[in-house]
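Q: The structure is given below, and queries will be raised subsequently.
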Amino acid sequence: MTLQSAAAEGPEALTWVFEAEPPLEPSETPREILACNEPTPEIHVPSLQAFIARGISRRTRLDSKIAVLQAALKKTVAERNLLAAEIREHQGALSPLRGLPIEILASIFVLLPSENLLAPGASGPWCISAVCSRWRAIALSLPSLWTDVTLNFRDGVDVKDMDINGVLLKLEVHLERSAQLPLALDYTCFSDDEPGVVLDQESLTLGLLGQHCNRWESLKMVGPEKLFLELALRVKNALPLLSTLDIYVYPVEEDDDLDEDVDLLGLFKLCPRLQAATVNADRYCECTTKVSLPFHQLLQYRASNPRSVLIELLGLTTNLVDCVLHVQSDLHPAPERIQLPNLLRLSVSSAEILDDLDTPVIRELYCDHHSHTLYSYLERHRELRKVVVTRAPSAPDIPRLLSAVQGVTDLALCLPGTYASDFLRAMAHRSINSIAPGPPPSLTSLSVCFEAQFRPWNLKPSPGLSLDEDLLMRTIESHSHSTGEENSGSGWRAVRLYFRIFNFKPATETLERMQVFREQGMQIHISQASFGWSEVPRYFQTCG
């Protein structure tokens, strides 16, 4: 009987499916006959055949039951799925999302990160506008949702099979939906395997973007010099709104096709609103790149160049507030110190260039290298409040370093683990008669990263670091906020210890003493350090 015929006869017709089968008459054949591989005696053949016949009949009946049950289950599952879909639709009608005001949804939508317009599938505002008619209407009514334009030819894009006409159409619609608002453009060329080549797809997309160059407010571009030549021909110095520039130019061998009369990187010289510029600060650090910029109006500048080139350019940037310099090997000092009267924050990969700078109002210094030049600079600038040195000084240099930073409130250092005891003794509370420099009296935040002497990044953590935990805790205790009266009423409010390569697990007693300080309001943090530790903000990290 099939499921259809049973259903036609009514529910009672299916009762046979659930009826228990009578016990199957057992086989009369001895088990040892069944278990061996010897010829079967003729006397047992009839009983074997009889059991096989009974078994096949029983199995056929069970198969019929299974078929009926499977068909019933399939029908029931389909009915259940249809019902679940109906329930979801009805639940959706009661969803709080439907009640959210348009203004709230719009505020959420604009927080979406920018997505690569070349990647397959819908993303970013394109994804939102495909959810429902209401969301689409909101997305299309928000030009600010379409102002981020990201074209990355390296991010999972199959350039050979790219539908360039479809890409251009999508890009054109994207730009139209942004109305006349300022644009944030992020453009990365295909590959530097053939650095002198600009693909047709890149040229076409750049041409379309160039039609809107008068709306570019920020620009990030990665590519060869030839790509910037294309850009120069498209924009023709028409960048009136550009305020933030972040470019990475990798060099190519001499190319006869390049017009020597065209200034590849001079297209940014006439940007009346440009105030923040980054040139090869994270990639291609060993390339010498001179870009013509309106240096006199820059407030932020990040660059990688030889020392002499940086000195030349810094002489034009008298209004800088933030500066990040990756200094390439160059022994040419400045004939006289460069005046940077407004510089508040400075990050350098090499301390040698500090001797070329005069920064009277400097407040924060991030240095990836220690030397006597660094100490001289620190001694000249007692107005510093935050100092971060991410290359370890030697043990004898610790007292001089501490002596040079007596005015800072925030100090962060990287030290070899073998210098831990020397450092803690230098930081310990000293007596009035002591002539050792000791810690800065105004210090409120201390961060120290203990690492291996030669920074073997590829090695697994060593078994452990020998650290005098009692000395550590006594040092913290002597400078805690609760005992800070002798330190002009300040005291340490935050202590962060990082351990790179070394394994360090504080003893139970140490953890208990730390908890006491936390209850008193002090922040104490201990962890295995990552490669880029958090004391240096991302903007001020050099690529060295």
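The values are calculated or read from the model by the stated rules, or taken from the named source; none is laboratory data. The shown structure was predicted, so the numbers you read here are calculated from the model rather than taken from an experiment. Here the Cβ is made from the backbone with ideal geometry for all residues, glycine too, and neighbour counts use every protein chain on show. Side chains included, ligands, DNA and RNA excluded: accessible areas come from the protein's heavy atoms. Shrake-Rupley method; radii C 1.70, N 1.55, O 1.52, S 1.80 Å.
Q: Can you tell which of Leu354, Leu344, Leu424, Leu401 is under 29 Å from the mean Cα position of the chain (by Cα) and of a type in the set (A, V, I, L, M)? Give the derivation first.
A: Working: Leu354 fails: under 29 Å from the mean Cα position of the chain (by Cα); Leu424 fails: under 29 Å from the mean Cα position of the chain (by Cα); Leu401 fails: under 29 Å from the mean Cα position of the chain (by Cα).
Being under 29 Å from the mean Cα position of the chain (by Cα) and of a type in the set (A, V, I, L, M) holds for just one of Leu354, Leu344, Leu424, Leu401, which is Leu344.
Q: Please verify whether Val131 is out of contact with any Asp or Glu (no Cβ under 7 Å at 6 or more places or on another chain), in a loop (DSSP other than H, G, I, E, B) and among the β-branched types (Val, Ile, Thr), treating the condition exactly as stated.
A: Yes; evaluated as a whole, the condition is true for this residue.
Residues checked against (1) without any contact (Cβ under 8 Å) to a residue 12 or more places away in the chain; (2) among the charged types (D, E, K, R); (3) surrounded by 12 or more Cβ atoms within 10 Å (Cβ to Cβ):
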site	(1), (2), (3)
Ala53	yes, no, no
Arg59	yes, yes, no
Lys65	no, yes, yes
Val68	no, no, yes
Ala72	no, no, yes
Val77	yes, no, no
Leu83	yes, no, no
Ala93	yes, no, no
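Q: Would you check which residues across the range 208-241 are open to solvent by 20 Å² or more (accessible area, probe 1.4 Å) and in contact with a Pro (Cβ under 7 Å, 6 or more places away or on another chain) and list them?
A: Across the range 208-241, the qualifying residues are Asn214, Glu217, Glu225, Pro240, Leu241.
Q: Can I ask one more? Looking at Ala122, Ala137, can you tell me which residue is open to solvent by 50 Å² or more (accessible area, probe 1.4 Å) and in a helix (DSSP H, G or I)?
A: When all the criteria are applied, what remains is Ala137.
Q: Would you confirm, using the coordinates I've provided, whether Asp282 is within 23 Å of Arg538 (Cα to Cα), modelled with pLDDT under 85 and within 30 Å of the chain's Cα centre (by Cα)?
A: yes
Q: Name the residues in the range 363-377 that are open to solvent by 10 Å² or more (accessible area, probe 1.4 Å), farther than 12 Å from Ala404 by Cα and not hydroxyl-bearing (Ser, Thr, Tyr), would you?
A: The answer is Arg363, Glu364, Asp368, His369, His370.
Q: Suppose we keep only residues that are within 33 Å of the chain's Cα centre (by Cα) and not hydroxyl-bearing (Ser, Thr, Tyr) within the range 324-341. Which one would you say is farthest from Lys386 (Cα to Cα)?
A: Filtering the range 324-341 for residues that are within 33 Å of the chain's Cα centre (by Cα) and not hydroxyl-bearing (Ser, Thr, Tyr), the one farthest from Lys386 (Cα to Cα) comes out as Asp330.
Q: Then there is this: Kindly indicate whether Ala428 is closer than 19 Å to Pro441 by Cβ and open to solvent by 10 Å² or more (accessible area, probe 1.4 Å).
A: Here the answer is yes, as Ala428 does meet what is asked.
Q: Quick check, is Leu354 without any contact (Cβ under 8 Å) to a residue 24 or more places away in the chain, crowded, with 22+ Cβ neighbours inside 10 Å and part of a helix (DSSP H, G or I)?
A: Criteria met by Leu354.
Q: List the residue pairs whose Cβ atoms are under 6 Å apart, where the first residue sits in the range 311-333 and is in a loop (DSSP other than H, G, I, E, B), the second is modelled with pLDDT of 85 or more and open to solvent by less than 20 Å² (accessible area, probe 1.4 Å), and the two are 6 or more positions apart or on different chains.
A: Cβ pairs passing all conditions: Leu316/Phe295; Thr317/Phe295; Thr317/Leu298; Thr317/Tyr301; Leu320/Tyr301; Leu320/Leu340; Leu320/Leu343; Pro333/Asp356.
Q: Also, quick follow-up: For the range 10-28, state whether one or more residues are more than 23 Å from Leu69 (Cβ to Cβ), at pLDDT below 85 and open to solvent by less than 90 Å² (accessible area, probe 1.4 Å).
A: yes
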